[in-house]
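Have a look at the structure below before the remarks.
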Amino acid sequence: MAENGTAVTEFILMGFQLWDELQMGLFLVFLVLYLVTVGGNLGMIVLIQNDPRLQTPMYFFLSHLSFLDICYSSVIVPQLLEILITRKMVIAFERCATQFFFFTLCASAECFLLAVMAYDCYVAVCNPLLYATAMTPQTRLGLVAGAYGGAMVNSMIRTGCTFSISFCKSNHVDFFFCDLPPLLKLACSETRPRERVIYLLAFLVITTSISVILVSYLFIIRAILKIRSADGKAKTFSTCASHMTAVALFFGTLIFIYLKGNMGKSLWEDKIVSVFYTVVIPMLNPMIYSLRNKEVKEALKKALNRMRVSQVG
């Protein structure tokens, strides 16, 4: 334990301090959730790649969302499982910084990608005749590259600001991964200038993404209201319903954690919310897009029928 000004070279992640029986129960729950997350998102990627009907811009972006969800979950959950087995986990300073970098990268990229998908919905609904021209393969790649590039810059700056802070109060992190608020609690140097930069970047990433999403949906709603038939309105709205659900879940939890300024009064509350957006949401996204999307359901049925035929043969 780092005290008396000794620099921290490793952290101890405390995870969830529970009875042994509950620790093992949580381990099994999170293991199942992780396997479902990886299997569901990987299945979505394979389905999109192999079905000609899903070779459209919307599903191209969805395949990248599934890829990010796999990475996002894999940065956190395997370590969480290890903590639940060992009760505590020693993590080197460099590994902690690396985890923080990739976690921030995946979260930021998902913010930008959800904004890109909102823009894609806007073009599809409001300018259907120009959709093929507007969403060329080069445009799709450019938008995805922009999402990853912006996330990379944000992640590098946030990681640099966070891990240039002096940690000497303690090396016990009362959390299950190297997240910003619990790390700031261990700082023994002045953190306000760096905190301002870190939270400003979080604010810019979230508000920029939400602004693009809101503006896109304002135009979408206006276009839907101009449709005379109720069936036409319902069909057009269903095109973006899955995306709206994913946006509400992801940004709702991010705003709760990062834009309230600190960890809040209840550390358990923050842990539960963090579990929701690092473990549960990546698992839910493929379900949201498959259960509410006719094309995905048909492609899935076709793939399952093909597997049955091959097994019988």
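The values are calculated or read from the model by the stated rules, or taken from the named source; none is laboratory data. Computed from a predicted structure; not experimentally measured. With ideal geometry, Cβ positions are generated from the backbone for all residues, glycine too; neighbour counts draw on all protein chains shown. Only protein heavy atoms, including side chains, enter the accessible area calculation; ligands, DNA and RNA are left aside. Shrake-Rupley method; radii C 1.70, N 1.55, O 1.52, S 1.80 Å.
Based on DSSP H runs of at least 4 residues, each adding -39500 (n - 2.57), what is the mean residue ellipticity at 222 nm of the chain after dividing by all its residues, to the nearest 500 deg cm²/dmol? Counting only the DSSP helices, I get -26000 deg cm²/dmol.
Each of (i) 183; (ii) 288; (iii) 158 is a candidate for volume of the Cα convex hull per residue in Å³; the one calculated from this structure is (iii). The distance between label points at Ile157 and Ser170 comes to 3.2 nm (points 7 Å beyond Cα on the Cα→Cβ vector).
Here the Karplus curve 6.51 cos²θ - 1.76 cosθ + 1.60, taken at θ = phi - 60°, turns the phi angles of segment 41-49 into couplings of 6, 5, x, 5, 4, 4, 4, 5, 5 Hz, with x standing for Gly and Pro. Using modelled amide H (1.01 Å from N, peptide plane; none on Pro or chain starts), what sits under 5 Å from the amide H of Ser166, excluding residues fewer than 5 places away? Under 5 Å from the amide H of Ser166 lie the amide H atoms of Cys188, Ser189, each far enough along the sequence or on another chain.
Across the chain, C-alpha contacts under 8 Å between residues 6 or more apart give a mean separation that, scaled by the residue count, equals a relative contact order of 28 percent. Computed over protein heavy atoms with a 1.4 Å probe, the carbon and sulfur contribution to the accessible area of the chain reaches 67%.
Cross-link check: pairs Lys271/Lys301; Lys226/Lys294; Lys233/Lys297; Lys226/Lys301 evaluated at a Cα-Cα cut-off of 26 Å; pairs beyond the cut-off: Lys271/Lys301; Lys226/Lys301. For Val173, the residues whose modelled amide H falls within less than 5 Å of its own, excluding neighbours fewer than 5 places apart on the same chain, are Ile12, Leu13, Met14.
Ranked by the mean number of other Cβ atoms within 10 Å of their residues, highest first, the peptides 242-250, 32-40 fall in the order 242-250, 32-40. In the context of the full set of protein chains, residues of the chain present 49 Å² of accessible surface per residue (probe radius 1.4 Å, heavy atoms only). As a length-normalised measure over Cα pairs under 8 Å and 6 or more apart, the relative contact order of segment 105-183 settles at 40 percent. Between the helical axis of 93-126 and the longest alpha-carbon principal axis of the chain there is an angle of about 20 degrees. Sequence-ordered 3J(HN,Hα) estimates for segment 62-73 from the Karplus curve with 6.51, -1.76 and 1.60 and θ = phi - 60° stand at 5, 5, 6, 4, 5, 4, 5, 5, 5, 5, 4, 5 Hz, glycine and proline given as x. Solvent-accessible surface (1.4 Å probe) assigned to Asp174 amounts to roughly 70 Å². For the chain, the Cys residues with no second cysteine's beta carbon closer than 4.7 Å are Cys71, Cys106, Cys111, Cys126, Cys161. Of Lys235, Lys185, the residue with the largest accessible area leads and the full order is Lys235, Lys185 (1.4 Å probe).
Packing order of peptides 273-279, 7-13, highest average first: 273-279, 7-13 (average count of other Cβ atoms within 10 Å over each peptide's residues). For segment 38-95, the relative contact order comes to 32 percent (Cα pairs under 8 Å, sequence separation of at least 6). Taken about its Cα centre, segment 73-153 carries a charge dipole of roughly 180 debye when the Cβ of each Lys and Arg holds +1 and the Cβ of each Asp and Glu holds -1.
For the peptides 295-305, 207-217, the ranking by packing is 207-217, 295-305, with the highest mean count of neighbouring Cβ atoms within 10 Å listed first.
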